[in-house]
Amino acid sequence: PYVPSPDTVVSQMLDMAGVGPDDMLVDMGSGDGRIVLTAAKLRGARGLGIEIQAPLIALSIETARREGVADRARFVRQDLFATDVSEATVVTIYLLPDTVNMLRDKLRRELRPGTRVLTHDYPIAGWLPEAWQRFDEPEKKGATGQPSATVYLYRIPAQVGGRWQATVPAALSRQRIVLELRQQWQMLDGMATVGGREVPLEDVRLRGETVSFRLPLERGRTVGFE
């Protein structure tokens, strides 16, 4: 069924992802194209809308032409599961829960580390959102029965599990530091070997391609790294 995202939800999604001129946004199930069109017109981003209904594609293309963003906003009638989304830096999704979760493996396989993924109302099972916002949206009551909206923001993690050697300033430690990182999708923990002594890493976080943690050193010092 076609249920458009209200303009307030579109704005919230673009704000949460920090969409700007350097982004390539892909909207999976683009409907009348409003997310791609708004990203192109107000944020200067490039965008691709993927939709199966021909009349909605025609409407989106005509709106892009009329609003002067046809060079940045493109729309195609294609199967979501057959369309390559690997160039995206931002992906937006407002689909039924079963379809959202059927797309999960495709997103993991094709998207680059750091890519932001936003879903409207339905979370991605097994993924931990980086942020989420719920807010009143009376416009949705007629379509969904609920006068509210929820937006979830995810970020594709890099694969960093394994053995690493860390170099730290001599003022912090003159001993060799080896890290053993254990990763389960977005979740990360690990141990460090410092001068033959094993210590657990603290406050370990993975955000796209960035790993941060706190490392206990000698004499009770704990130092943060990123």
For the chain, the longest principal axis of the Cα atoms and the Cα long axis of helix 34-43 enclose an angle in degrees, to the nearest 10, of 70 degrees
Can you report the principal axis dimensions of the range 80-159 using only the alpha carbons, biggest first, rounded to whole angstrom?
39, 26, 21
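Can you give me the Rg/Rh ratio for the range 181-226, using Cα atoms for both radii and the Kirkwood formula for Rh? Intermediate results must be reported in sequence, preceding the final value.
Working: Rg = 11.0 Å, Rh = 11.1 Å.
With Rg and the Kirkwood Rh in hand, the quotient comes to 0.99.
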In terms of modelled amide H atoms, which long-range or inter-chain residues lie less than 5 Å from the amide H of Val223?
Leu215, Leu217
Between the modelled labels at Asp7 and Glu87 (7 Å from Cα along Cα→Cβ) the distance in nm is 3.0 nm
Given the C-alpha centroids of the range 1-39 and the range 79-121, what is the distance between them in whole angstrom?
13 Å
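Relative to 2.2 N^0.38 Å, what does the C-alpha radius of gyration of the chain come to as a ratio? Two decimals please. The partial results should precede the final answer.
Values: Rg = 21.3 Å, N = 226, 2.2 N^0.38 = 17.3 Å.
So the Cα radius of gyration is 1.23 times the expected 2.2 N^0.38 Å.
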Placing one identical point scatterer on every Cα of the range 121-184 and ignoring solvent, what is log10 I(q)/I(0) from the Debye formula at q = 0.24, 0.30 Å⁻¹?
-1.01, -1.19
7 Å from Cα along Cα→Cβ at both Ala125 and Glu67: what's the point-to-point distance in nm?
3.4 nm
Rough spin-label spacing in nm, given labels placed 7 Å along Cα→Cβ, for Thr144 and Asp203:
3.5 nm
Tilt relative to the chain, helix 54-66 - C-alpha long axis, 0 to 90 degrees, to 10:
80 degrees
Would you please state the base-10 log of I(q)/I(0) at q = 0.27 1/Å for the range 1-85, with intensities from the Debye formula using one equal scatterer on every alpha carbon?
-1.43
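Rounded to the nearest 0.05, what FRET efficiency do Val160 and Thr99 give with R0 = 25 Å and r taken as the Cβ-Cβ distance? Could you check? Let's see the in-between values first.
Numbers: r = 30 Å, r/R0 = 1.20.
Once rounded, the FRET efficiency stands at 0.25.
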May I ask which residue of Gly195, Gln133, Ile93 lies farthest towards the positive end of the charge dipole of the chain, with charges of +1 (Lys, Arg) and -1 (Asp, Glu) on Cβ and the Cα centre as origin?
Gly195
Computed Rg/Rh of the range 102-226, alpha carbon atoms with Kirkwood Rh:
1.15
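Quick one: accessible area per residue over the chain, 1.4 Å probe, rounded to a whole number of Å²? Walk me through the intermediate numbers first.
On the way: 11910 Å² over 226 residues.
That works out to 53 Å² for each residue.
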Viscosity 1.002 mPa s, temperature 20 °C: Stokes-Einstein D of the range 45-119 from its Kirkwood Cα radius, in µm² per second?
160 µm²/s
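The values are calculated or read from the model by the stated rules, or taken from the named source; none is laboratory data. Everything numeric here is computed off the predicted structure, so don't read it as measured data. We place every Cβ from the backbone using ideal geometry, glycine too, and count neighbours over all the protein chains shown. SASA here: full protein model, heavy atoms, side chains in, ligands and nucleic acids out. Shrake-Rupley method; radii C 1.70, N 1.55, O 1.52, S 1.80 Å.
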